[in-house]
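Visitor: Just passing along the structure, written as structure tokens.
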Amino acid sequence: ATSEQMDDEDILDISEQTNRPLDDAIHQQRVQAWHPILDPVWVIVSLFYLGVILVPTGYKIDSLQEDVVELKRTYDDYHFEIDELDCGIGEEYNAGRKCTLDFYPNADMSPPVLIYYELTNFHQNHRSYVQSRDDFQLDGKVGGQEKVQRDRCDPLNKLGNMTLNPCGMIANTFFNDIFKLTEGVDANGVDLVMSEEGIAWQSDIDWLFSQPNGFKYEECPETTGCTESCCDGDEWSCSTPYEEGDKCYRFYYPEDDTTQYLYETYPDIISPLEGVTNEHFIVWMRVALQPTFRKLYGWIDQPIKKGTKLSFEVTANYVVTRFNGSKSIIITTNNIFGGRNIYFGPIFYWVGYFCLAAGTFFALKHIFRPRRLADRSYLHFKSD
Amino acid sequence: IACRVSPKQKAELVNLVRHNVKPEPITLAIGDGANDVGMIQEAHVGIGISGKEGTQAVNASDFAISQFRFLESLVLIHGRWDFFRLSTVVLYSFYKNAVQAGIMVIFNFTALFSGQPFFDQWLIASLNFVCGAPIIFTGLFDRCLSKDYVRAHPEVYKATRENEMITVRTLTRWCTLAIIHMCTLYFFTVAPSRNGGGMTSAFGGLMRNEDDSRPGDGEGGDWKSVGTVTFTAMVILLAYKVLYESRSLVHGRWPAITFSKANDSFVNRLAYTWIGVTWLSVAFYFIFIAAYQLIGRLGASSLSPFADMANHVLSTRSMNWMLIFFVPIFGMVFDVVFKVFSNMFYPTQTQIHMEIEAMEKRERKQKERAAKRGAVETAQEEV
């Protein structure tokens, strides 16, 4: 018997082949697919198409930046000579030096007019800095700090023998300059008001920052009035009542005699009633991306005409000379993408130009010296 | 071909070839009996034929086939496909993680090299979950040249033998593109988010109908927000990259869901490539961050810092959408330009074969259409 005959006898009928795999698309690997080859004509057309879309888009975005009116003044710097502005405080922490900065917009400003402070050379993005916080404390936990959090906040867990709440570097390098809008009228002659609310993320206020568990406050009762006796008793931890507007409040912070809370570290900015829920503080706690950054301080919801005098009284407390940084105040409007952005537009039109250039290069090559598709002369069978 | 040899001598034969030929070749041994076990184990690829002489050879082998003639299909078709799939998966997997790590390295230039990650920790951990599906589908389904074409032109196997997919040229291309993509993703998302770019667009853009008393909600120049935007752009770019590096995009047949015959079930009609890229990668990522951001609402934890991040990144800043849409396209522009350049000036053998296959398929379709038209015309004439 020849081998062929043996093979014919060995092969079973299809109906008897129990191990035969299914003859469907999945098992036979023929699920319908598209096998694209890079057709140069398609690519050249697409590159031109893309270039034609991107270049005008880039220029349009650039033109939007011109609508933004931005006024900036650096008022303290590490090599700043104290001049007529008198804002430089050198290394005097919490100097409380007051100075006035005047601004004259060079164009009409439409609401919202946003006021920022800008710091340079401050690495909020350094790993040790970013980790140096205790999110549980910020959300209201008192005591029972876990070792992980304690290690992260080291060495700013205690100040002397007082526990710091909130601990860590981020909370205790809080920017504590104060800006007050003292002079300015809007387009209708109404005095300008700078609001310091609405500057932080609502979700941060709702979910991530809370007063310590057990905190409470109430208005001073009529029996004691606004005197020290308002805070009498173990129920209240204040030493004197807190005045806000024309009301007096007494409050209770747990373990206040062994803990230094935020309102005690920054009494000029943080009221004891809000503590860590103060919006300036929440804005500061959201660490910035780069060493030069700006953070929202306040905003004005009124239109400002060109040339109006805006006066800001700055109370300088924050020392920047130690890290060779600088402080600036920025007053700006915005467009649909944000503030003045000098990189956004150029990205589009430079890539657009690149697309057009590449498309032109390939088109010329394809017209004058084309590499024909499926050109068998490129195939070689012998090894080199 | 060896016969009338003892099992030990068969193994020695394979050994001789393996260690005395320079450069060391990849050896394959095929046999069907217990006396072939030695040589099957000695060779790189051992193939056992199951059948009359029992299952000893099959038990010891790497691959088992039932007839000797299947060897052609195994080596030429499936071995070749497997080579391309494996190479693509390996190269892409390194590339994917290199891009993520590289972006973090570039970021550290501005973070004093303190080792600060650029992305939220759980986003980093999720990379291989949200970006893993597309390349797995490529590894399963990618077909470089069809079965018929390879059988008709077996010389295409030469590229496989010469390791065409992992050469200095290929690795240079992947490394260069990884670096270009890292830089594109980082600089094109970070530069527009610095200073003025990170400012709120309150009263305009996507904030137009939001609460007018809270402009701060649109602030997005902070570390976590920009990192999330870059990560989103990266997920989309990695999805585009898989589509670009695949040689077959499985689109299945529509409709995929059918309730009829067993052989034609929806498993055979699904558009695997598109499902992998859209639902299992990009959509999965968006669903993941939408869910992850909610954990912060349950109270402070190691997961709470991400609270509401997806909302802020995606629904308060129009610039983010411009970046998420365009930056991956910018990344792919470089890819396309590179490949077209290499195709025009230094095409690979496989590229030429793919073009020939496409041309032959086109010509075949035209002939069929012409034949149909001819048949219709003759039918009409007869009528």
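Visitor: Say whether the condition of being open to solvent by less than 40 Å² (accessible area, probe 1.4 Å) and farther than 30 Å from A:LYS247 by Cβ is met by at least one residue in the range A:269-279.
Guide: Of all residues in the range A:269-279, those open to solvent by less than 40 Å² (accessible area, probe 1.4 Å) come to A:269-273, A:275-279.
From the residues that got through so far, the ones that are farther than 30 Å from A:LYS247 by Cβ too are none.
Checked against the condition, which is being open to solvent by less than 40 Å² (accessible area, probe 1.4 Å) and farther than 30 Å from A:LYS247 by Cβ, the range A:269-279 yields no hits at all.
Visitor: Turning to a different aspect of this structure: Exactly one condition in (1) within 8 Å of another protein chain (Cβ to nearest Cβ); (2) farther than 20 Å from A:GLN202 by Cβ; (3) open to solvent by less than 10 Å² (accessible area, probe 1.4 Å) is not met by A:VAL314; state its number.
Guide: Against the list (1) within 8 Å of another protein chain (Cβ to nearest Cβ); (2) farther than 20 Å from A:GLN202 by Cβ; (3) open to solvent by less than 10 Å² (accessible area, probe 1.4 Å), A:VAL314 comes up short only on (1).
Visitor: Let me ask something else. Can we say B:LEU171 is within 17 Å of the chain's Cα centre (by Cα) and closer than 27 Å to B:TYR240 by Cα? Before you say what the answer is, go through the steps one by one.
Guide: Numbers: within 17 Å of the chain's Cα centre (by Cα): yes; closer than 27 Å to B:TYR240 by Cα: yes.
The answer is yes for B:LEU171.
Visitor: Assuming B:GLU357 fulfils every condition listed in (1) of a type in the set (Asp, Glu); (2) more than 27 Å from B:GLU164 (Cα to Cα); (3) more than 7 Å from chain A (Cβ to nearest Cβ) apart from one, which condition is it?
Guide: It is condition (2) that B:GLU357 fails.
Visitor: What residue, of A:LYS327, A:LYS309, A:LYS365, is of a type in the set (D, E, K, R), over 15 Å from A:LEU114 (Cα atoms) and open to solvent by less than 20 Å² (accessible area, probe 1.4 Å)? Spell out how you get there, then give the answer.
Guide: On the way: A:LYS309 fails: open to solvent by less than 20 Å² (accessible area, probe 1.4 Å); A:LYS365 fails: open to solvent by less than 20 Å² (accessible area, probe 1.4 Å).
Going through A:LYS327, A:LYS309, A:LYS365 in turn, the sole match is A:LYS327.
Visitor: Moving to a separate point now. For residues that are open to solvent by 10 Å² or more (accessible area, probe 1.4 Å), more than 7 Å from every other protein chain (Cβ to nearest Cβ) and not in a helix (DSSP H, G or I), tally how many sit in the range B:175-230.
Guide: 5
Visitor: Take B:VAL75 and tell me if it is under 16 Å from B:ASN163 (Cα atoms), modelled with pLDDT of 95 or more and aliphatic (A, V, I, L, M).
Guide: Values: under 16 Å from B:ASN163 (Cα atoms): yes; modelled with pLDDT of 95 or more: no; aliphatic (A, V, I, L, M): yes.
When the stated conditions are applied, B:VAL75 does not pass them.
Visitor: Okay, next question. Among the residues of the range B:296-310, how many are surrounded by fewer than 17 Cβ atoms within 10 Å (Cβ to Cβ), part of a helix (DSSP H, G or I) and either polar (S, T, N, Q) or in contact (Cβ under 8 Å) with a residue 60 or more places away in the chain (or both)?
Guide: 0
Visitor: For the range A:253-268, state whether one or more residues are of a type in the set (Phe, Trp, Tyr) and in contact with a Ser or Thr (Cβ under 8 Å, 6 or more places away or on another chain). Can you show your working first?
Guide: Here is the first cut: in the range A:253-268, the residues of a type in the set (Phe, Trp, Tyr) are A:253, A:261, A:263, A:266.
Okay, now just the ones that are also in contact with a Ser or Thr (Cβ under 8 Å, 6 or more places away or on another chain), so A:253, A:263.
Yes.
Visitor: Please verify whether A:ILE347 is open to solvent by 10 Å² or more (accessible area, probe 1.4 Å), within 26 Å of A:ILE44 (Cβ to Cβ) and either more than 7 Å from chain B (Cβ to nearest Cβ) or assigned to a helix (DSSP H, G or I) (or both), treating the condition exactly as stated. Walk me through how you get there before you give the answer.
Guide: Working: open to solvent by 10 Å² or more (accessible area, probe 1.4 Å): yes; within 26 Å of A:ILE44 (Cβ to Cβ): yes; either more than 7 Å from chain B (Cβ to nearest Cβ) or assigned to a helix (DSSP H, G or I) (or both): yes.
So A:ILE347 fits the description; yes.
Visitor: Let me ask another. What pairs come up if the first residue lies in the range A:177-197 and is without any contact (Cβ under 8 Å) to a residue 24 or more places away in the chain, the second is open to solvent by 50 Å² or more (accessible area, probe 1.4 Å) and not small (Gly, Ala, Ser), and their beta carbons are under 7 Å apart, counting only those six or more places apart or on different chains?
Guide: Listed pairs, sorted by first residue: A:ASP191/A:VAL185.
Visitor: Further question on the same structure: Kindly provide the set of residues from the range B:120-144 that are within 14 Å of chain A (Cβ to nearest Cβ) and polar (S, T, N, Q), ordered by number.
Guide: Answer for the range B:120-144, where residues must be within 14 Å of chain A (Cβ to nearest Cβ) and polar (S, T, N, Q): B:GLN121, B:THR138.
Visitor: Which is at pLDDT 90 or above, on the phi > 0 side of the Ramachandran plot and out of contact with any Gly (no Cβ under 7 Å at 6 or more places or on another chain), of A:GLY225, A:GLY214, A:GLY233?
Guide: A:GLY214
Visitor: Between a first residue in the range A:38-51 that is among the aromatic types (Phe, Trp, Tyr) and a second residue that is open to solvent by less than 50 Å² (accessible area, probe 1.4 Å), which pairs have beta carbons less than 7 Å apart while being 6 or more apart in sequence or on different chains?
Guide: Taking only residues 6 or more apart or on different chains, the pairs are A:PHE48/A:LEU356; A:PHE48/A:GLY359.
Visitor: While we're looking at this one, here's another question. Within the range B:265-288, work out how many residues are within 14 Å of chain A (Cβ to nearest Cβ) and either surrounded by 18 or more Cβ atoms within 10 Å (Cβ to Cβ) or over 17 Å from the mean Cα position of the chain (by Cα) (or both). Can you show your working first?
Guide: Initial filter on the range B:265-288 (within 14 Å of chain A (Cβ to nearest Cβ)): B:265-277.
Narrowing further to those that are either surrounded by 18 or more Cβ atoms within 10 Å (Cβ to Cβ) or over 17 Å from the mean Cα position of the chain (by Cα) (or both): B:265-273, B:275-277.
Within the range B:265-288, residues that are within 14 Å of chain A (Cβ to nearest Cβ) and either surrounded by 18 or more Cβ atoms within 10 Å (Cβ to Cβ) or over 17 Å from the mean Cα position of the chain (by Cα) (or both) number 12.
Visitor: Among the residues of the range B:42-66, write down those that are within 21 Å of A:LEU12 (Cβ to Cβ) and without any contact (Cβ under 8 Å) to a residue 24 or more places away in the chain.
Guide: To start, the set of residues in the range B:42-66 that are within 21 Å of A:LEU12 (Cβ to Cβ) comprises B:48-55, B:57-58, B:64-66.
Result: B:GLY48, B:ILE49, B:SER50, B:GLY51, B:LYS52, B:GLU53, B:GLY54, B:THR55, B:VAL58, B:ALA64, B:ILE65, B:SER66.
Visitor: Out of everything in the range A:333-343 that is polar (S, T, N, Q) and facing chain B (nearest Cβ under 7 Å), what residue ends up being surrounded by the fewest Cβ atoms within 10 Å (Cβ to Cβ)? Break it down stepwise before answering.
Guide: As a first pass, look at the range A:333-343 and keep what is polar (S, T, N, Q): A:333-335, A:341.
Filter once more, keeping what is facing chain B (nearest Cβ under 7 Å): A:334-335, A:341.
Working: A:ASN334: 28, A:ASN335: 22, A:ASN341: 26.
Ranking the candidates gives A:ASN335 first.
Visitor: How many residues, within the range A:167-192, are over 24 Å from the mean Cα position of the chain (by Cα) and of a type outside the set (A, V, I, L, M)?
Guide: Of the residues in the range A:167-192, the ones over 24 Å from the mean Cα position of the chain (by Cα) are A:181-192.
Filter once more, keeping what is of a type outside the set (A, V, I, L, M): A:182-184, A:186, A:188-189, A:191.
Going through the range A:167-192 one residue at a time, the tally reaches 7.
Visitor: Still on this model: Residues being within 16 Å of B:THR167 (Cβ to Cβ), more than 7 Å from every other protein chain (Cβ to nearest Cβ) and not aromatic (Phe, Trp, Tyr): count how many of those fall in the range B:330-353.
Guide: So the count comes out to 4.
The values are calculated or read from the model by the stated rules, or taken from the named source; none is laboratory data. Keep in mind that this is a model prediction, so the values were computed, not measured. When we count neighbours, we look across all protein chains shown, and the Cβ atoms used for this are built from the backbone with ideal geometry, even at glycine. With ligands, DNA and RNA removed, areas are computed over all heavy atoms of the protein, side chains included. Shrake-Rupley method; radii C 1.70, N 1.55, O 1.52, S 1.80 Å.
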